[in-house]
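This report concerns only the one structure given below.
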Amino acid sequence: MAELGFYHLLSTPLERALPRLLERARAQNLRVIVRAASAERVEYLNALLWTYDESSFLAHGSARDGNAAEQPIWLCHGEENPNGASVLFLIDGVEARDAGAFARCLDLFDGNDPDAVAAARERWRRAQAAGHTLTYWQQTESGWEKKA
């Protein structure tokens with residue numbers, strides 16, 4: 001079973017939080033999948049990761065770019081792991097039926113959207129029933145605080 005962390009975004013939007021979390025993963029030499037809800041969202045994230053910070057660089061790719069095995073961060077909208085990632089980032093309310101294939105999954109959700117919070121609670125219940133190890137992280141002004 002995977003370790004599944006729920007990341008409750010409160011003070012910064014996904015567009016600012018995701019690149020920082022990806023930087024942390026890459027600093028540990030982890031290979032990552034970012035799974036979004038649609039091909040359009042993947043393309044949006046692809047552009048975002050090239051432009052989010054002038055002083056940073058996150059090597060990444062998607063199906064449009066190819067060479068999946070060589071990409072440390074792979075952006076997709078389906079259940080795949082062509083870069084041999086050990087960490088899965090889930091956004092847009094995407095649920096991973098293949099979570100057990102990863103050492104760690106991060107489920108990022110918008111804490112300012114009541115529907116997103118309710119959906120995250122349902123994903124938590126299903127993951128708990130499936131036997132995953134769960135943690136809950138809440139975003140604060142000073143960073144991430146582990147709540148459960």
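Residues checked against (1) assigned to a helix (DSSP H, G or I); (2) touching a Cys at 6+ places or on another chain (Cβ under 6 Å); (3) surrounded by 20 or more Cβ atoms within 10 Å (Cβ to Cβ); (4) not hydrophobic (A, V, I, L, M, F, W, C):
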position	(1), (2), (3), (4)
Phe6	no, no, yes, no
Glu23	yes, no, no, yes
Ala37	no, no, no, no
Glu40	yes, no, no, yes
Tyr44	yes, no, no, yes
Glu54	no, no, no, yes
Ala59	no, no, no, no
Leu75	no, no, yes, no
Glu79	no, no, no, yes
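For the structure I just gave you, tell me whether Arg97 is in contact with an Asp or Glu (Cβ under 9 Å, 6 or more places away or on another chain) and over 19 Å from Leu10 (Cα atoms). Here the answer is yes, as Arg97 does meet what is asked.
Listed here are the residues, each with its yes/no results for (1) assigned to a helix (DSSP H, G or I); (2) out of contact with any helix residue (DSSP H, G or I) (no Cβ under 9 Å at 6 or more places or on another chain); (3) of a type outside the set (Lys, Arg); (4) buried (at least 16 other Cβ atoms within 10 Å of the Cβ).
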site: Val94; (1), (2), (3), (4): no, yes, yes, yes
site: Asn112; (1), (2), (3), (4): no, yes, yes, no
site: Asp115; (1), (2), (3), (4): yes, yes, yes, no
site: Ala118; (1), (2), (3), (4): yes, yes, yes, no
site: Arg123; (1), (2), (3), (4): yes, yes, no, yes
site: Arg126; (1), (2), (3), (4): yes, yes, no, no
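What number of residues within segment 61-73 are assigned to a loop (DSSP other than H, G, I, E, B) and more than 15 Å from Pro19 (Cβ to Cβ)? Residues in segment 61-73 being assigned to a loop (DSSP other than H, G, I, E, B) and more than 15 Å from Pro19 (Cβ to Cβ): 6 in total.
The numbers here are math on the coordinates, done by the rules we state, and not lab data. Please read these numbers as outputs of a predicted model, since none were measured by experiment. As a convention, Cβ positions derive from the backbone with ideal geometry for all residues, glycine included, and neighbour counts pool all protein chains shown.
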